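J.: Structure below; questions to follow.
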Amino acid sequence: MVAGLKLFSNQLLYGFYRGVFSIEWYNSYMKLIVGLGNPGEKYSKNRHNVGFMVVDALAKECSSTPVIQFSSNKKFNAEMIQTKEYILAKPQTFMNDSGVAVAAIANFYKIDPIDIYIIHDDLDIALGSYKIAKGKGPKVHNGLSSVIEKIGTDQYTNVRVGVENREVRGNGGIPGVVYSLQDFTDIERKIVDEVIAKIVDELMRVVS
């Protein structure tokens, strides 16, 4: 009994430290899981939009029937699904300003960077692979640069989805900015869907 009260006290104090003042929140803290991409049907199948694809798949996995739908939130300029335990978000700012939406959501809900997961395409990783690590992303990614600038740190969790397949296809000379804005081929999309399923399995442990 004493040990239980001490644990409750420590959790409650930690909640106040993190700015969470409601007792109902003392035992769990909201996670923010963001998929990066560009809004609109024009970009929906682009390699650059694989972050949106992962979040969409995660939303389906988190839902019972019927599937929970994303709703537009003009305050944060994002499409969102929110529960007490987590927020799934797809910024509608276009990729290069993704940090505007991420910071707005994180600041409003007082979500620490350690509880933020950013899902994005990665040209430093081969198609068919992925990496999940805190504070480590690709060498160049304008969406991530925006996130880091707006939240003031890179100490969130990167969910890096490999999309690099230029050498295999004999297109090594295509600039990354052009390549990332092209659609996945049908064969590539099958590979990516398998990767997405693995990532969703890992992220389900975060939101469960």
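The values are calculated or read from the model by the stated rules, or taken from the named source; none is laboratory data. Since we're looking at a predicted model, the values are computed, not measured. Glycine also receives a Cβ, built like all others from the backbone with ideal geometry; neighbour counts cover every protein chain displayed.
J.: For region 63-76, which residues satisfy the criterion of being under 15 Å from I33 (Cα atoms) and touching a helix residue (DSSP H, G or I) at 6+ places or on another chain (Cβ under 6 Å)?
T.: The answer is F76, and nothing else.
J.: With the requirement that a residue be surrounded by 13 or more Cβ atoms within 10 Å (Cβ to Cβ) and among the acidic types (D, E), what does region 157-192 give you?
T.: E164, D183, E188
J.: With the structure loaded, tell me whether S64 is at pLDDT 95 or above and farther than 25 Å from T153 by Cα or whether it fails that test.
T.: no
J.: Show me the helices (runs of 4 or more DSSP H) found entirely inside region 66-170 where at least 3 residues are more than 20 Å from H48 (Cβ to Cβ).
T.: 98-109
J.: Now a separate question. Pairs under 6 Å by beta carbon, first residue touching a residue at least 60 places away in the same chain (Cβ under 8 Å) in region 189-208, partner of a type in the set (G, A, S), six or more apart or different chains?
T.: Hits for this filter: I191/G128; I196/A57; V200/A57.
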